[in-house]
Amino acid sequence: DAGITQSPRHKVTETGTPVTLRCHQTENHRYMYWYRQDPGHGLRLIHYSYGVKDTDKGEVSDGYSVSRSKTEDFLLTLESATSSQTSVYFCATGTAVVETQYFGPGTRLLVL
Amino acid sequence: TQLLEQSPQFLSIQEGENLTVYCNSSSVFSSLQWYRQEPGEGPVLLVTVVTGGEVKKLKRLTFQFGDARKDSSLHITAAQPGDTGLYLCAGARGSQGNLIFGKGTKLSVKP
């Protein structure tokens, strides 16, 4: 158990509003990831971080931004939420880029 | 382009049956991981296979990495309801790049 928490766990919001999801880890892992999981698409990487203030885009980064000001926190922001961003969002951490990833419990986001 | 294809997508079996799920690719991977995800939770690592031809056993679960390191299989013997979940494979290509996940096999084991 890598001690990963996500907040909020559930959120309902309206189209056009900004939304920020938080991932917090207690394991001092260097790498942090944000994924979305949708039926028929599996897990898709949104953004990842390889250190404080070091981030890069993943496969489906449009409409999302991230920030990492401390090792333990990785924030995902939906600039202006759209219905297509309704999904389950998972945060993950790891010690190296191709090593085991430890996942948080997920955030269910519904954009109306 | 889906680099890792998992099959079958869905599998519903009775308790006690055996099953095999597959993870295939046209690309070579330096290692491959298998995760299990239960409803409402995040994926949890089951095993990592690294060497072509490698076989790893975890109780009733047997994992195999293909000789060419392009495919992998997971075999479950005498499935139990507790095995129910989504099984995901994830491949790594060298020490660079991120893990590539397959879409998963959703397994349901009925008592």
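Any read-out appearing in this document is the output of simple, stated calculations on the displayed coordinates, not a laboratory observation. From a predicted model like this one, the values you see are computed outputs, not experimental measurements. Cβ placement follows ideal geometry from the backbone for every residue including glycine, while neighbour counts extend to all protein chains displayed.
In vacuum, with every alpha carbon of chain B counted as one equal point scatterer, what does the Debye formula give for log10 I(q)/I(0) at q = 0.13 Å⁻¹? Two decimals, please. Log10 I(q)/I(0), no solvent term: -0.44.
Using a cut-off of 12 Å between beta-carbons, work out the net charge of the residues near A:S61 (Lys and Arg +1, Asp and Glu -1, A:S61 not included). It would help to have the intermediate numbers written out before the result.
Details: positive: A:R36, A:R44, A:K57; negative: A:D56, A:E59, A:D62, A:E79.
Summing Lys and Arg as +1 and Asp and Glu as -1 gives -1.
Could you work out the mean count of beta carbons from other protein chains within 10 Å of each residue's beta carbon in B:42-51?
Values: counts 16, 9, 5, 5, 0, 0, 3, 0, 0, 0.
For peptide B:42-51, the averaged partner shielding equals 4.
Over all residues in B:31-41, what is the mean tally of Cβ atoms on other chains that come within 10 Å of each residue's Cβ? Don't skip to the answer; put the middle values down first.
On the way: counts 2, 0, 4, 0, 4, 0, 5, 0, 0, 5, 5.
Per-residue shielding by partner chains comes out at 2.
Per-residue 3J(HN,Hα) values for region B:70-85, derived from phi via the Karplus relation 6.51 cos²θ - 1.76 cosθ + 1.60 with θ = phi - 60°, read 10, 8, 8, 9, 10, 10, 10, 9, 6, 4, 10, x, x, 7, 4, x Hz in sequence order (x marks Gly and Pro). Scanning the protein assembly as shown for cysteines with no neighbouring cysteine C-beta under 4.7 angstrom from their C-beta gives an empty result. Taking all Cα pairs closer than 8 Å and separated by 6 or more residues, the relative contact order of chain A comes to 36 percent.
Average partner chain C-beta neighbours within 10 Å, per residue of A:84-93? Display every interim value, and only then the final one.
Working: counts 0, 0, 0, 0, 2, 0, 4, 1, 3, 0.
Average neighbour count from other chains, rounded to a whole number: 1.
At R0 = 35 Å, how high is the FRET efficiency between B:K57 and B:S108 if r is their beta carbon distance? Nearest 0.05 is fine.
Numbers: r = 23 Å, r/R0 = 0.66.
Between B:K57 and B:S108 the formula returns 0.90.
Note on B:K59: aspartates and glutamates with a C-alpha under 17 Å away, same-chain residues under 8 apart excluded, are B:E15, B:E17, B:D83.
Please give the charge dipole size of chain B, origin at the Cα centre, charges +1 on K and R Cβ atoms and -1 on D and E Cβ atoms. Round to the nearest 20 debye.
Details: 11 positive and 9 negative charges, 29 e Å.
For chain B, the charge dipole is close to 140 debye.
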